[in-house]
Amino acid sequence: MQEKYLYEYAVIRVVPRVEREEFFNVGLILFSKRAKFIKARTRLDTKKWDAFDTFLDKEWVADHLKAFEKLAAGDPECNSPVAQMEIPERFRWLTAIRSASIQTSRPHPGFSGDLEKTFEKLFEELVL
């Protein structure tokens, strides 16, 4: 029988105008403490972007989304204390509630025997 891991995931969102509380999904972060797994991926869909009334700079948002991915991965080139945190602390920091143009949903739990496959499925369902 395949071992199943408890995981948590959150959807990464762009909020073009925070005061309107409208958003669109641009990424996913998935984490499992027991499996020592964390992964984030983002994709900025220009069609969705164009559908919103936004004053945000698209390049600024894209750069910050890439930084989000690097922080999640613990990339030492980030030169950030967050990237040096243990995986659970990194996930909690990245998914902390904030009023900003890039936010995450509240974390949601699940069980999976294949975290990579689960990540791909959730990314396709929630972001693409």
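The values are calculated or read from the model by the stated rules, or taken from the named source; none is laboratory data. Source: prediction; values computed, not measured. All Cβ positions, even for glycine, are placed from backbone atoms using ideal geometry, and neighbour counts span all protein chains on display. All accessible areas refer to the heavy atoms of the entire protein, side chains included, with ligands and DNA or RNA removed. Shrake-Rupley method; radii C 1.70, N 1.55, O 1.52, S 1.80 Å.
Numbers for the structure displayed
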| read-out | value |
| --- | --- |
| Output for region 64-99, where each listed residue is touching an Asp or Glu at 6+ places or on another chain (Cβ under 9 Å) and within 22 Å of Glu22 (Cα to Cα) | Thr95 |
| Residues located in region 109-128, provided they are open to solvent by less than 100 Å² (accessible area, probe 1.4 Å), acidic (Asp, Glu) and within 22 Å of Phe23 (Cα to Cα) | Glu120 |
| Region 69-128: number of residues that are in contact with a strand residue (DSSP E or B) (Cβ under 7 Å, 6 or more places away or on another chain) and of a type in the set (S, T, N, Q) | 7 |
| Region 100-128 residues that are within 27 Å of Met1 (Cα to Cα) and in a loop (DSSP other than H, G, I, E, B), paired with ones that are among the basic types (Lys, Arg) and open to solvent by 20 Å² or more (accessible area, probe 1.4 Å) (beta carbon under 7 Å, 6 or more apart) | Gly113/Lys4 |
| Filter pass, Glu77 being modelled with pLDDT under 95, in a helix (DSSP H, G or I), charged (D, E, K, R) and surrounded by fewer than 18 Cβ atoms within 10 Å (Cβ to Cβ) | yes |
| Test: Leu56 is surrounded by 12 or more Cβ atoms within 10 Å (Cβ to Cβ) and under 14 Å from the mean Cα position of the chain (by Cα) | no |
| Any pair with Cβ under 7 angstrom, 6 or more apart, that starts in region 34-60 at a residue that is in contact (Cβ under 8 Å) with a residue 24 or more places away in the chain and ends at one that is open to solvent by less than 40 Å² (accessible area, probe 1.4 Å) and of a type in the set (Ser, Thr, Tyr) | Leu56/Ser101 |
